[in-house]
1. Being of a type outside the set (S, T, N, Q), under 16 Å from the mean Cα position of the chain (by Cα) and modelled with pLDDT of 90 or more narrows it down to one of Leu34, Leu46, so name that one.
2. Specify which of the listed residues (Ala57, Ala71) is in a helix (DSSP H, G or I), farther than 16 Å from Gly35 by Cα, free of Cβ contacts under 8 Å to residues at least 24 places away in the same chain and out of contact with any Ser or Thr (no Cβ under 6 Å at 6 or more places or on another chain).
3. Looking only at the range 61-68, decide whether some residue is among the polar types (S, T, N, Q) and either within 10 Å of the chain's Cα centre (by Cα) or not in a loop (DSSP other than H, G, I, E, B) (or both).
4. In the range 80-103, what residues are within 15 Å of Gly35 (Cα to Cα) and under 11 Å from the mean Cα position of the chain (by Cα)?
5. Given the conditions (1) more than 18 Å from Gln101 (Cα to Cα); (2) among the acidic types (Asp, Glu); (3) assigned to a helix (DSSP H, G or I), and given that Asp32 satisfies all but one, which numbered condition is not satisfied?
6. When only residues in the range 9-31 that are at pLDDT 70 or above and hydrophobic (A, V, I, L, M, F, W, C) count, which is nearest to Ala90 (Cα to Cα)?
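The values are calculated or read from the model by the stated rules, or taken from the named source; none is laboratory data. In this text, all values refer to a predicted model and were calculated from it rather than measured experimentally. Cβ placement follows ideal geometry from the backbone for every residue including glycine, while neighbour counts extend to all protein chains displayed.
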Amino acid sequence: MQRTHNSQADEALQRARATRSAASRLLDAAADLLGTRQAEEPVDHLDLLQAFAEAGASVLAQCSRAVRDAAVARAARAIPGNVGPAVTGAEYALQLRLAAQAA
């Protein structure tokens with residue numbers, strides 16, 4: 001069996017991340033924010049809006065307006081709708097990461 005070196009796996013991961021859509025990167029960045037800031041706290045719509053605003057400011061800053069608009073619209077369609085007091089930031093972050101794979 002041929003072994004894969006860590007550097008090869010890291011390079012493959014970097015290539016995969018570089019080729020993802022802007023919507024996918026936006027969803028992942030929002031997931032990172034929610035997963036670290038509110039891991040054990042419930043998430044509401046305001047928390048989600050704030051995470052997306054911050055993620056969009058960093059992920060989409062270098063994109064043209066058309067790309068930003070398309071990425072936000074695509075990400076919005078992929079957002080899971082089950083935000084509420086029973087869902088923690090860590091749980092919702094996982095759902096966002098799964099949605100990012102399809103976006």
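1. Answer to the selection: Leu34.
2. It is Ala57.
3. Scanning the range 61-68, I find no residue that is among the polar types (S, T, N, Q) and either within 10 Å of the chain's Cα centre (by Cα) or not in a loop (DSSP other than H, G, I, E, B) (or both), so the answer is no.
4. Within the range 80-103, Tyr92, Ala93, Leu94, Gln95, Leu96, Arg97, Leu98, Ala99, Ala100 qualify.
5. Going through the list (1) more than 18 Å from Gln101 (Cα to Cα); (2) among the acidic types (Asp, Glu); (3) assigned to a helix (DSSP H, G or I), Asp32 breaks only (1).
6. Per the stated criteria, the residue is Ala31.
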